[in-house]
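Only the coordinates and a few stated rules stand behind these numbers; no lab work does. Remember, predicted model here, so these are calculated numbers, not experimental data. All Cβ positions, even for glycine, are placed from backbone atoms using ideal geometry, and neighbour counts span all protein chains on display.
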Amino acid sequence: MGLSSMRAAARFLEQRTSSLFSVLGAISAAGLIAMVLVTVVDATGRRLFSAPVYGSYEIVTLLLSVVFFSSFSYSTIRKGHFAIDIVTSHLPPRVRLYMVSIMYLISGLLIWLLASQLVALALKLKAAQLTCNQFTFLPLYPFGLFGALCLIIVGWVFLVQFPSSLVKAIEGND
């Protein structure tokens with residue numbers, strides 16, 4: 001596989017996954033707004049009317065899992081995480097680029113391993129037919145599957161960034 005074909009493949013993969021980014025950001029924002037609204041209504045109802053929202057703790061907890069996984073995915077896709085490069089800043093640029101490429105590959109594989117474990121947990125929750133305490137009609141396993149889906153997307157992003165970072169390392173571009 002030539003360098004130009006690797007560059008073209010990396011560009012193609014990045015373009016195909018861009019529409020998914022907006023969806024994850026919107027899910028995260030909607031979940032956070034819903035969490036805030038439930039918390040405000042619950043606190044207001046408790047304080048003013050002595051009537052809390054039934055199951056508010058569970059609602060907020062389940063929404064937190066949705067917000068966490070979707071915002072983690074969105075932030076990873078947008079490269080919004082911070083990096084502390086005390087050790088790597090002293091290395092030559094080409095070595096840093098190769099390290100970044102290797103880390104994309106390792107990170108993608110580890111994230112997929114975590115996703116597989118989350119799928120296994122979700123399947124155990126489904127087999128045990130676990131539901132929320134307050135809302136017995138609401139099963140817990142879909143939240144685990146959603147988290148696994150978000151982790152699969154993050155792993156995909158890392159593996160999509162691997163070839164483009166490898167091309168940069170081979171060309172020596174910083």
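Tell me which label goes with the value of mean projected area of the Cα convex hull in nm² computed from the coordinates here: [x] 13.2; [y] 10.9; [z] 16.3. Of the listed options [x] 13.2; [y] 10.9; [z] 16.3, [x] comes from this structure.
Would you mind checking the tilt of helix 93-127 against the longest principal axis of the Cα atoms of the chain, expressed as 0 to 90 degrees and rounded to 10? Once rounded, one gets 30 degrees. Note on the chain: with a GNM built from Cα contacts shorter than 10 Å, the maximum mean-square fluctuation among Pro92, Pro163, Pro142 falls on Pro92.
Using the rule -39500 (n - 2.57) for each DSSP H run of four or more residues, divided by the residues of the chain, the 222 nm mean residue ellipticity is -27500 deg cm²/dmol. If you run the Gaussian network model on the chain, springs between alpha carbon atoms under 10 Å, then out of Arg94, Arg46, Arg11 the most flexible one is Arg46. Put in line by how crowded their Cβ is, counting other Cβ atoms within 10 Å and starting with the fewest, Ile33, Ile59 read Ile33, Ile59. Axis of helix 3-16 versus longest Cα principal axis of the chain: the two differ by about 20°, to the nearest ten degrees. Which residue, Gly172, Ala26, Ile152, has the largest displacement toward the positive end of the dipole of the chain when charges sit on each Cβ (Lys, Arg +1; Asp, Glu -1)? Of Gly172, Ala26, Ile152, it is Gly172. Compared with the dominant principal axis of the Cα atoms in the chain, helix 141-171 is inclined by about 20°.
Comparing Tyr104, Tyr141, Tyr57 in a Gaussian network model of the chain, where Cα atoms under 10 Å apart are tied by springs, the biggest mean-square fluctuation is seen for Tyr57. Any idea which of Tyr54, Leu109, Val95 is furthest toward the positive side of the dipole for segment 24-110, if Lys and Arg beta-carbons carry +1 and Asp and Glu beta-carbons -1? With unit charges placed on the Cβ atoms, the residue in question is Val95. Simple point charges give the picture: +1 on the Cβ of Lys and Arg, -1 on the Cβ of Asp and Glu, and for segment 57-174 a dipole about the Cα centre of about 100 debye. The protection proxy used here, the mean number of other Cβ atoms lying within 10 Å of each residue, ranks peptides 69-76, 133-140 as follows, highest first: 69-76, 133-140. The residues packed around Ala34, meaning those with a beta-carbon under 15 Å from its beta-carbon, carry a net charge of -2 if Lys and Arg are +1 and Asp and Glu are -1.
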